[in-house]
Amino acid sequence: ARRREFRGKQGLRDAVDRREISLEEVSLEVAAQLQAFCNLTGYAPLHIDGHQHCHVIPGIAPIVARVSRSFGVRSVRLPDEAHSHFHHVQPPARADFFWHVGTLAREARCIFREEGLCCPGGFAGF
């Protein structure tokens, strides 16, 4: 049996950067989760919202976009919140994380749109 490891929100990002994550396995997992949703509900999901915003990670975003579109998904939620909203966030490392995720979301917007997925114009509520 394959060992499963939960790395947490930053651990996953770091592992993708270090190429410790198989992007082929990411593709298979995204497809398996979407198929499980279809099997349980009888419907394809209408939108995607990745846990801890993992769907905007470079390398993962194109996979999520491609696989989601193949399942008929029409939109994706992007955590593209204005950087000015983070000046009050404590501790500063948390604000830095939010700023980084927002930047990745803006970059991922093009990827999702290229696959024909709609994205909201804004986000509030990290």
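The values are calculated or read from the model by the stated rules, or taken from the named source; none is laboratory data. Values in this document were obtained by computation on a predicted structure and should not be read as measured data. For neighbour counting, all protein chains shown are included, and Cβ atoms are generated from backbone atoms with ideal geometry for every residue, glycine included. All accessible areas refer to the heavy atoms of the entire protein, side chains included, with ligands and DNA or RNA removed. Shrake-Rupley method; radii C 1.70, N 1.55, O 1.52, S 1.80 Å.
Once you keep just the Cα pairs under 8 angstrom separated by 6 or more residues, what percentage relative contact order results for segment 16-126?
On the way: 132 pairs, mean separation 32.4, N = 111.
So the answer I get is 29 percent.
Net charge near A44, counting Lys/Arg +1 and Asp/Glu -1 over other residues with Cβ under 12 Å of its Cβ? Mind showing how you got there, number by number?
On the way: positive: R69, R74; negative: none.
Taking every other residue near A44 into account, the sum is +2.
Using a 1.4 angstrom probe on the protein heavy atoms only, line up H88, H100 by accessible area, largest first. Kindly include the intermediate steps, with their values, before the conclusion.
On the way: H88 120, H100 75 Å².
The ranking, largest first, comes out as H88, H100.
In whole percent, how big is the carbon plus sulfur part of the accessible area of the chain, probe 1.4 Å, protein atoms only?
Answer for the chain is 55 percent, counting heavy atoms of protein chains only.
If you wrap a convex hull around the Cα atoms of segment 7-74, how much volume per residue is inside, in Å³? It would help to have the intermediate numbers written out before the result.
Numbers: hull volume 5.5 nm³, N = 68.
It comes to 81 Å³ per residue, whole-number rounded.
Taking the solvent-accessible surface of protein heavy atoms with a 1.4 Å probe, what is the per residue accessible area of segment 20-113 in Å²? Walk me through the numbers before you get to the answer.
Values: 5250 Å² over 94 residues.
Using a 1.4 Å probe on heavy atoms only, each residue of segment 20-113 averages 56 Å².
Step by step: find N for segment 13-120, compute 2.2 N^0.38 Å, then divide the Cα radius of gyration by it. What's the final number? Each step should come with its number before you reach the end.
Details: Rg = 14.7 Å, N = 108, 2.2 N^0.38 = 13.0 Å.
Output field value: 1.13.
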